[in-house]
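Asker: Have a look at this one before I ask anything.
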There are 6 protein chains.
Amino acid sequence: MATLGLIEYADASPEVRAIYDDIMATRKTDWINNFWKALANDPTTLRRTWESIKQIMGPGAIDPLTKEMLYIAVSVTNQCPYCIASHTAAARKKGMTDAMFHELMAVVGMANETNRLVSGYQVEIDEQFKTR
Amino acid sequence: MATLGLIEYADASPEVRAIYDDIMATRKTDWINNFWKALANDPTTLRRTWESIKQIMGPGAIDPLTKEMLYIAVSVTNQCPYCIASHTAAARKKGMTDAMFHELMAVVGMANETNRLVSGYQVEIDEQFKTR
Amino acid sequence: MATLGLIEYADASPEVRAIYDDIMATRKTDWINNFWKALANDPTTLRRTWESIKQIMGPGAIDPLTKEMLYIAVSVTNQCPYCIASHTAAARKKGMTDAMFHELMAVVGMANETNRLVSGYQVEIDEQFKTR
Amino acid sequence: MATLGLIEYADASPEVRAIYDDIMATRKTDWINNFWKALANDPTTLRRTWESIKQIMGPGAIDPLTKEMLYIAVSVTNQCPYCIASHTAAARKKGMTDAMFHELMAVVGMANETNRLVSGYQVEIDEQFKTR
Amino acid sequence: MATLGLIEYADASPEVRAIYDDIMATRKTDWINNFWKALANDPTTLRRTWESIKQIMGPGAIDPLTKEMLYIAVSVTNQCPYCIASHTAAARKKGMTDAMFHELMAVVGMANETNRLVSGYQVEIDEQFKTR
Amino acid sequence: MATLGLIEYADASPEVRAIYDDIMATRKTDWINNFWKALANDPTTLRRTWESIKQIMGPGAIDPLTKEMLYIAVSVTNQCPYCIASHTAAARKKGMTDAMFHELMAVVGMANETNRLVSGYQVEIDEQFKTR
């Protein structure tokens, strides 16, 4: 049975190394986390995912810290332990304080609760909300 | 078979009316959306939910607009049409621009994608991320 | 492009009719709901699903009404509108009162909230809970 | 990077200790599980969550054991390991037998299956079910 | 309040039109479905999403029809009505027969059931499965 | 508090042993994985689940390897670590290559992403897709 390991920098192809270098430079860090080392088994997906993440998570109309908190909100809702750990660390690094983390958790918890109250009570969309 | 309707202001008990009044005053609006009218069938849950929402969604370490975007991130992940419509409207009212909405969607979509790449590749948590 | 319609009793094969008859007799009703009419396009799945449902949802160590409420809890969590509507109707028929429905919704909402607080705070399982 | 630990009773503020005392008194137990020790980093959420849980999970139109089983149904559907472990232990303590646990699992499994058959076959809601 | 409409070909910018043209040419069809018309409000996401979909869903180690069925499996699990409808139509066009659809639904339903039996029974991973 | 262990072959009842024997014969293997050993605490669910799995996962209009990949797609979407590990091993055994695994992951990731773009943009179903 085949097994996919984590691709370390020393063992990586030049193509993968170039992506690792860009990840470290963009994030101003000197190490690569396991997610990328696992994806590196498939350089096509590694490249596509990194290019997308780089484009999406950078500064824009929404600041990078808020984007990390949005990432946490999704990861917590989906119950993905790795994603929660890695993006919480990333948000901390970008300035998320304890107070912000606590409010983030409160919003995410409440949203998951009211999402179910809405569907359980079979609430229909108000005319006033029929827009995007 | 019993049927739960939407409780209109005119038909509401004084207890429910007081909550409706507080919702409208807090939100500076003159109408009540269906979610609350449905919950009003159970004044205990109506009161608890409104008190929690009011406490959580107000200003704090995270601003109200960002909280609405976090709410949307959860609701989109859970695929709750009512919640998406109502909180998108609320975020618009609080200043979410088209550009912000587009970036919000991009982050939520990407987080949902990488959450699955992480679990599918069975990625283990890096030692560096083992914190909260 | 092929299209799968709903298989009405009058158009059903003897095999499907026999299952429809058993559904109506077991449920003491004179009509078949759309779920079964859709599944009837695949008699194998229709039979397997009905036999399983019949075995699982009947009286046992847990009473049928509680089982319907468990079904609603799952369906609300998964945001399945059809399942919520059909099992709420079934629970009503088996005696679920408004008060029970309200408490059911409160539990389901709260469980969905605390499930996320647990994962967001990355809470580890207490030794005392390591059992089944 | 900030790290949130578990707040032990000995290290807790008077406000948090009072909540811990109420949890232990209400549950007739002499220890606090990790969920509350983690939430104690944010006394506001600790208080709100405990007050809600205490109100919701107590006796009412639905008995406390059934409420624990509903909690398990949600937690299993959401795949939350901590929640499954803690609420299974709680349900055991309140009298859930092996036979009840087995039926609970059977219902939860089946509901998750038919939820998907319904959406995959794109089944529309019967007129008879259009109520709450 | 801002509202995002569907961007029709006639109203699209040259950049968006070029993507629409590529979608229609790649799919050998003469119309654009609503998903792309909605994304066109954000040409950056439209381009990124289309480029990714085009790369991923084409022929490779897995054939295009199987990929459509995988897409359906995910969409049914997530309860996304639009995605189920559009990818079922796409799979039909690529050759999915009624028999294949029925088996697909059976597998998806069963997987959703056993996923929950596994978590509810708190099953630990066998040593033999600890590989990728 | 009761605890459910794993039922080993040596400790199993004749009824459970017969099912274990059928599992091993059908799968051409000489061991039983933990999922079945856990379910064996409830012979009724063990039998029903095995009979269903055996019927569904065998050859038919869709080949067994594709069925395993569909199972992985669901399990990854639901974030079920045991299910991902066991069905990835099963798919490997049936011939899933690294290239196939990589494409499978890419499709599952992308589907989870676009499922959310669809719901976030509140895309309505095209008339052309209103079929099954």
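The values are calculated or read from the model by the stated rules, or taken from the named source; none is laboratory data. A quick note: this is a predicted structure, and the numbers were derived from the prediction, not measured. No Cβ is skipped: glycine too gets one built from the backbone with ideal geometry, and neighbour counts run over all protein chains shown.
Asker: B:T97: of a type in the set (S, T, Y) and surrounded by fewer than 24 Cβ atoms within 10 Å (Cβ to Cβ), yes or no?
Answerer: The answer is yes for B:T97.
Asker: Is at least one residue of segment F:48-55 over 14 Å from the mean Cα position of the chain (by Cα) and within 8 Å of chain E (Cβ to nearest Cβ)? Outline the logic, then answer.
Answerer: Looking only at segment F:48-55, we keep the residues that are over 14 Å from the mean Cα position of the chain (by Cα), and these are F:48.
Filter once more, keeping what is within 8 Å of chain E (Cβ to nearest Cβ): none.
Looking for residues that are over 14 Å from the mean Cα position of the chain (by Cα) and within 8 Å of chain E (Cβ to nearest Cβ), one finds none in segment F:48-55, hence no.
Asker: Condition first: in contact (Cβ under 8 Å) with a residue 24 or more places away in the chain and touching a His at 6+ places or on another chain (Cβ under 7 Å). Can you find one or more residues in segment C:94-103 that meet it?
Answerer: Within segment C:94-103, none of the residues are in contact (Cβ under 8 Å) with a residue 24 or more places away in the chain and touching a His at 6+ places or on another chain (Cβ under 7 Å).
Asker: Can I ask one more? Tell me, yes or no, whether segment D:60-69 has at least one residue that is more than 22 Å from E:A111 (Cα to Cα), at the interface with chain C (Cβ under 7 Å from one of its Cβ atoms) and of a type in the set (K, R).
Answerer: The answer is yes; a qualifying residue exists.
Asker: A further question on this structure: Any residue in segment E:31-46 that's more than 9 Å from chain B (Cβ to nearest Cβ) and surrounded by fewer than 20 Cβ atoms within 10 Å (Cβ to Cβ): show its pairings with residues that are part of a helix (DSSP H, G or I) and among the acidic types (D, E) at Cβ separation under 7 Å, as long as the two are six or more apart or on different chains.
Answerer: E:P43/E:E15
Asker: So which residues in segment B:4-49 are of a type outside the set (S, T, N, Q), closer than 24 Å to A:A106 by Cα and touching a Ser or Thr at 6+ places or on another chain (Cβ under 9 Å)?
Answerer: Correct list: B:I23, B:F35, B:W36, B:L39, B:A40, B:P43, B:R48.
Asker: Please verify whether A:E127 is acidic (D, E) and in contact with a helix residue (DSSP H, G or I) (Cβ under 9 Å, 6 or more places away or on another chain), treating the condition exactly as stated.
Answerer: No; evaluated as a whole, the condition is false for this residue.
Asker: If D:Y121 passes every condition in (1) crowded, with 23+ Cβ neighbours inside 10 Å; (2) in contact with a His (Cβ under 9 Å, 6 or more places away or on another chain); (3) facing chain C (nearest Cβ under 7 Å) but one, which one does it miss?
Answerer: With respect to (1) crowded, with 23+ Cβ neighbours inside 10 Å; (2) in contact with a His (Cβ under 9 Å, 6 or more places away or on another chain); (3) facing chain C (nearest Cβ under 7 Å), D:Y121 is out only on (2).
Asker: Something else: Given segment B:3-73, what helices (runs of 4 or more DSSP H) lie entirely inside it while holding 3 or more residues that are within 18 Å of D:T44 (Cβ to Cβ) and at pLDDT 95 or above?
Answerer: Those helices (runs of 4 or more DSSP H) span B:43-57.
Asker: Say whether the condition of being at the interface with chain F (Cβ under 7 Å from one of its Cβ atoms), crowded, with 20+ Cβ neighbours inside 10 Å and in contact with a Cys (Cβ under 6 Å, 6 or more places away or on another chain) is met by at least one residue in segment E:71-80.
Answerer: yes
Asker: Checking the condition under 22 Å from B:D126 (Cβ atoms) and at the interface with chain B (Cβ under 8 Å from one of its Cβ atoms), which residue from A:T97, A:T88 passes?
Answerer: Going through A:T97, A:T88 in turn, just one is under 22 Å from B:D126 (Cβ atoms) and at the interface with chain B (Cβ under 8 Å from one of its Cβ atoms): A:T88.
Asker: Also, quick follow-up: What are the residues in segment C:45-72 that are under 20 Å from A:G120 (Cβ atoms) and of a type in the set (D, E, K, R), if any?
Answerer: C:K67, C:E68
Asker: Residues to consider are D:R92, D:R116; find the one that is out of contact with any Cys (no Cβ under 9 Å at 6 or more places or on another chain), in a helix (DSSP H, G or I) and not polar (S, T, N, Q).
Answerer: Sole residue among the options that is out of contact with any Cys (no Cβ under 9 Å at 6 or more places or on another chain), in a helix (DSSP H, G or I) and not polar (S, T, N, Q): D:R92.
Asker: Separate question: Evaluate segment C:66-85: report whether one residue or more is touching a Phe, Trp or Tyr at 6+ places or on another chain (Cβ under 6 Å), more than 18 Å from D:A91 (Cβ to Cβ) and without any contact (Cβ under 8 Å) to a residue 60 or more places away in the chain.
Answerer: The answer is yes; a qualifying residue exists.
Asker: Assuming B:N112 fulfils every condition listed in (1) at the interface with chain A (Cβ under 7 Å from one of its Cβ atoms); (2) out of contact with any Asp or Glu (no Cβ under 7 Å at 6 or more places or on another chain); (3) buried (at least 22 other Cβ atoms within 10 Å of the Cβ) apart from one, which condition is it?
Answerer: (2)
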